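Heads up, the thing below is written out as structure tokens.
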Amino acid sequence: MSRDTSREAGRREHLRTVAAQQELDAVLVTNLLNVRYLTGFTGSNGALLLRTDGRDVFGTDGRYTTQAGVQVPDVELLVDRGTVAALARAAVRGGAGRLGFESHDLTVDGLASLERVLAEEADERAVPELVSVRRAVEALRAVKDDGEIESLRRACAVADQALAELAAEGALRPGRTELQVGRELDARMLALGAEAPSFETIVAAGANSAIPHHRPDGTELRAGDFLKLDFGATVDGYHSDMTRTLVLGEPADWQREVHALVAEAQAVGRAALAVGADVVAVDAAAREVIAAAGHGEHFSHGLGHGVGLEIHEAPGIGPLGAGTLTAGMAVTVEPGVYLPGHGGVRIEDTLIVTDDVPELLTLTSKELLVL
């Protein structure tokens, strides 16, 4: 029994519409995640020639013939070790005059090779004009369908449960190292069904918590420390992302104040997630809370980002972002205040933008947890 490919077929039709609007005859999709999004293929070598006339071709090499037959049964298969070159030749033979390509994915050498193949195959025919489609597929990926949102829910649930289990078992305690905690958190997510951690888990204790993307090391957790945990699980290829900042023992007044400030900014940021909201304005709403408290210089990154097949994808929510929010976008809201030499707080959730209030996917309490 072959799998249902209607979801991927619908996505290809959306890209076909974009291609037709740009008067392209075909689009050569080479980014592997975009290929997965459009076809369902999960191997390490694959590309798609999407034609505006509907005669698409999926290319891979001999290692994946069987896999392609199962995952991409509804697209003509071309098996060739030089996948991109073979699809380029197919585009010329199909009469493509304007060929779209993913300029952000091809290297300089890759583009030169593509141009050479097109010229050689064209022979006495006109060489197709190469036209960048930029991040057209990523723009489609920014809005999630129901199946994608369910995968994100499951990924977030795995991360929530993993942290809850570690906390309940006393694994987050003084004397353990950041590396030990990080490895145990990763192992727990895998045991709960994750394919992999979403990214290198951040465990940052004490002064290290003031480093936004600290890499865990042999630093020991100590009583009175902040403990910042930024982590996620991958399920069905979709990533979750959550940060919680805890205190090991009774918190000092300054720790309570900083945590309360970040929590307030995070709540404002979540509330600003609305259909049609400008991403720069969403960032500014939360950032103003922190700036008004005198900590503007201690919030050094954007408020959030899209999440899905990649841990960081469109839209970017920050001072340099562009565009507005749409229902179905999966985004993070993650303000932080980082005091060098002392410690820092970040609180992050993954949410879905809806026509009503945003749906919160990361359900672990954001209260200052004292362990």
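The values are calculated or read from the model by the stated rules, or taken from the named source; none is laboratory data. These figures come from a predicted structure and were not determined experimentally. Reconstructed Cβ throughout: ideal geometry from the backbone, glycine too, with neighbour counts over all protein chains shown.
When the criteria are applied in full, E102 fails the requirement of being more than 18 Å from T39 (Cα to Cα), of a type in the set (D, E, K, R) and not assigned by TED's automatic domain parsing to the domain that holds L309. Out of the stretch 263-273, which residues are of a type in the set (A, V, I, L, M, F, W, C) and closer than 9 Å to A286 by Cα? Answer for the stretch 263-273, where residues must be of a type in the set (A, V, I, L, M, F, W, C) and closer than 9 Å to A286 by Cα: A265, A267, V268, A272.
Residue pairs, Cβ under 9 Å, 6 or more apart or interchain, first in the stretch 79-90 and within 10 Å of V57 (Cβ to Cβ) and buried (at least 21 other Cβ atoms within 10 Å of the Cβ), second at pLDDT 95 or above and hydroxyl-bearing (S, T, Y). List them. Matching pairs, first to second residue: L87/T30.
Restricted to the stretch 1-40, and to residues that are among the hydroxyl-bearing types (S, T, Y) and buried (at least 18 other Cβ atoms within 10 Å of the Cβ), which residue is nearest to F58 (Cα to Cα)? Give the steps one after another, and end with the answer.
Pass one, the stretch 1-40, residues among the hydroxyl-bearing types (S, T, Y): 2, 5-6, 17, 30, 37, 39.
Those left that are additionally buried (at least 18 other Cβ atoms within 10 Å of the Cβ): 30, 37, 39.
Details: T30: 11, Y37: 13, T39: 8 Å.
If we take residues in the stretch 1-40 being among the hydroxyl-bearing types (S, T, Y) and buried (at least 18 other Cβ atoms within 10 Å of the Cβ), then T39 is nearest to F58 (Cα to Cα).
Beta carbons closer than 6 Å, at least 6 apart along the sequence or on distinct chains, pair a first residue in the stretch 46-69 that is in the same structural domain as G100 (by TED's automatic domain parsing) with a second that is surrounded by fewer than 23 Cβ atoms within 10 Å (Cβ to Cβ) and assigned to a strand (DSSP E or B) for L49/V57; V57/E76; V57/L78; F58/L77; G59/L78; G62/V79; T65/V79; A68/L77. Consider the stretch 177-207 and keep the residues that are in contact with a Ser or Thr (Cβ under 6 Å, 6 or more places away or on another chain) and closer than 27 Å to E297 by Cβ. The one that is surrounded by the fewest Cβ atoms within 10 Å (Cβ to Cβ) is E178.
For L114, are the conditions met, namely being under 28 Å from the mean Cα position of the chain (by Cα) and of a type in the set (A, V, I, L, M, F, W, C)?
Values: under 28 Å from the mean Cα position of the chain (by Cα): no; of a type in the set (A, V, I, L, M, F, W, C): yes.
No, not satisfied.
Give, as residue ranges, the strands (runs of 3 or more DSSP E) completely inside the stretch 270-371 that count at least 3 residues that are over 28 Å from L172 (Cα atoms) and in the same structural domain as F231 (by TED's automatic domain parsing).
Result: 313-317.
Of the strands (runs of 3 or more DSSP E) lying entirely inside the stretch 123-234, those carrying at least 3 residues that are without any contact (Cβ under 8 Å) to a residue 60 or more places away in the chain and under 30 Å from L111 (Cβ atoms) are 129-132.
Aliphatic (A, V, I, L, M) and over 20 Å from the mean Cα position of the chain (by Cα) - does that describe any residue in the stretch 331-344? If you could, list the steps in order and put the result at the bottom.
First pass over the stretch 331-344, keeping only residues aliphatic (A, V, I, L, M): 331, 333, 337, 339.
Next, from what is left, pick out any that are over 20 Å from the mean Cα position of the chain (by Cα): 337, 339.
There is at least one residue in the stretch 331-344 that is aliphatic (A, V, I, L, M) and over 20 Å from the mean Cα position of the chain (by Cα).
Inclusion of D230 among residues that are of a type in the set (D, E, K, R) and either closer than 18 Å to F299 by Cβ or crowded, with 22+ Cβ neighbours inside 10 Å (or both) is warranted.
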